[in-house]
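Notes follow the structure.
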Amino acid sequence: MYDYLIVGSGFYGSICARELTNKGQKVCVVEKRNHIGGNCYTSNRDGINVHDYGPHIFHTSNKKVWKWINQYVQFNSFINTPIANYKGKLYSLPFNMWTFNQLWGVTTPQEAKQKIKETSLNISNPKNLEEQAIKLVGKDVYEKLIKGYTEKQWRQKATTLPKEIIKRIPVRFTYNNNYFNDKYQGIPIGGYTKIFEQLLNGIDVKLETDFFTSKLPKYKKIIYTGPIDKYFNYQFGELEYKTTRFKHKKFNTGNYQGNAVINFTEKNIPYTRIIEHKHFEKIENNNSTWITFEYPEEYNRNKEPYYPVNDIKNTEKYLKYKNLANQEKNIIFRGRLAEYKYYDMDEVIELALNYTDSL
């Protein structure tokens, strides 16, 4: 008899497993995949730690979270400075003075703001992502660096997407290419999987075990981190997600593209970006490199759910599931899929620590 059955071995599930075990609770983790770590899993290929489910750059301004995670791994000083490729021309991301200089030849913040004002179409109350983007950075930036990338990524017209999505992207009037503003940033030296191996050390973990179809051990309580709509058998319909297919490929060269992340913003290029993993850890390997092409795909329940589509229709549907979840006894619904909410890694860590601290 376990005190807790934890469904999923991503950050939320693994942290709860560790902290509850430290408090004397008997815990079992079930994971449907053949590995631990959820989407943060990294596999070592030719000495290169490949982010199998897309790049995860750790960043936080939360000192408590930073101190906690540094118990388990050392971080390097990696700073995310992605590049946008539009018809063979390269532009700095996030949007900053380098980007505006490359587009318009301007050199001062005042000149950049004037160009944005001239091309923002006098939009004062944006109703969708397209209008919000044009208001923020002007039509030139939107047409070249946002529209194509966003529409192929979300498989929707930008005019149908909620404006809140684009608000996550920084816009700066300084020559600062750092994508994040957080105080603490980096990549775990040796890959993310090392963290989960330590978190789950000595804990019963059952891989390739589906919560819905596999024989489960006896338990008193559940911490469920899977899709909330699946738990309730999709009775209000499926929640929508953005999903991606990752194509990993080895090249016999020491350096394929010169940067960890390059976005391809033309809509007719089928992939959204190329990741070259060795640049995350500055790995000295001159004989080969591993890269990943990311292809957006139409989502269905048999594919991996990545990013929730938090529009009005899906939010209303989620609230119906949340109402059912609130009526459940001895089961906790937490995490990105169970709460139908996009979380950064540091946010998930804080939520898990707050929950286990409250017990």
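The values are calculated or read from the model by the stated rules, or taken from the named source; none is laboratory data. Bear in mind that the values here come from a model prediction, so they are computed numbers and not experimental data. Here the Cβ is made from the backbone with ideal geometry for all residues, glycine too, and neighbour counts use every protein chain on show.
When restricted to residues that are among the polar types (S, T, N, Q), crowded, with 18+ Cβ neighbours inside 10 Å and closer than 23 Å to I187 by Cα, the range 222-269 contains 2.
Residues of the range 167-200 being touching a strand residue (DSSP E or B) at 6+ places or on another chain (Cβ under 9 Å) and among the charged types (D, E, K, R), which ones? Passing the criteria: R172, D182, K183, K194.
Name the residue that is surrounded by the most Cβ atoms within 10 Å (Cβ to Cβ), counting only residues in the range 117-145 that are in contact with a Phe, Trp or Tyr (Cβ under 9 Å, 6 or more places away or on another chain) and closer than 25 Å to Y343 by Cα. Of everything passing the filter in the range 117-145, A133 is surrounded by the most Cβ atoms within 10 Å (Cβ to Cβ). Identification of strands (runs of 3 or more DSSP E) wholly contained in the range 258-359 with 2 or more residues that are in the same structural domain as N39 (by TED's automatic domain parsing) yields 331-333.
Taking the range 203-231 as the range and being under 25 Å from the mean Cα position of the chain (by Cα) and assigned to a loop (DSSP other than H, G, I, E, B) as the test, the residues that pass are L207, E208, T209, D210, F211, T225, G226, P227. Taking only pairs six or more apart or across chains, which ones have beta-carbon atoms under 9 Å, a first residue in the range 86-102 that is in the same structural domain as G148 (by TED's automatic domain parsing), and a second residue that is assigned to a strand (DSSP E or B) and at pLDDT below 95? What qualifies is P94/V171; F95/V171; N96/V171.
Criterion applied to E131, E151 was being in a helix (DSSP H, G or I), of a type outside the set (V, I, T), touching a helix residue (DSSP H, G or I) at 6+ places or on another chain (Cβ under 8 Å) and farther than 25 Å from I262 by Cβ, and the one residue passing it is E131. Inside the range 335-359, residues that are surrounded by fewer than 19 Cβ atoms within 10 Å (Cβ to Cβ), among the hydrophobic types (A, V, I, L, M, F, W, C) and within 13 Å of the chain's Cα centre (by Cα) make up a count of 0.
Screening the range 1-115 for helices (runs of 4 or more DSSP H) wholly inside it with 2 or more residues that are under 30 Å from V141 (Cβ atoms) returns the ranges 97-104.
The residues of the range 302-321 that are over 16 Å from K242 (Cα atoms), surrounded by fewer than 17 Cβ atoms within 10 Å (Cβ to Cβ) and of a type outside the set (K, R), listed by number, are E316, L319.
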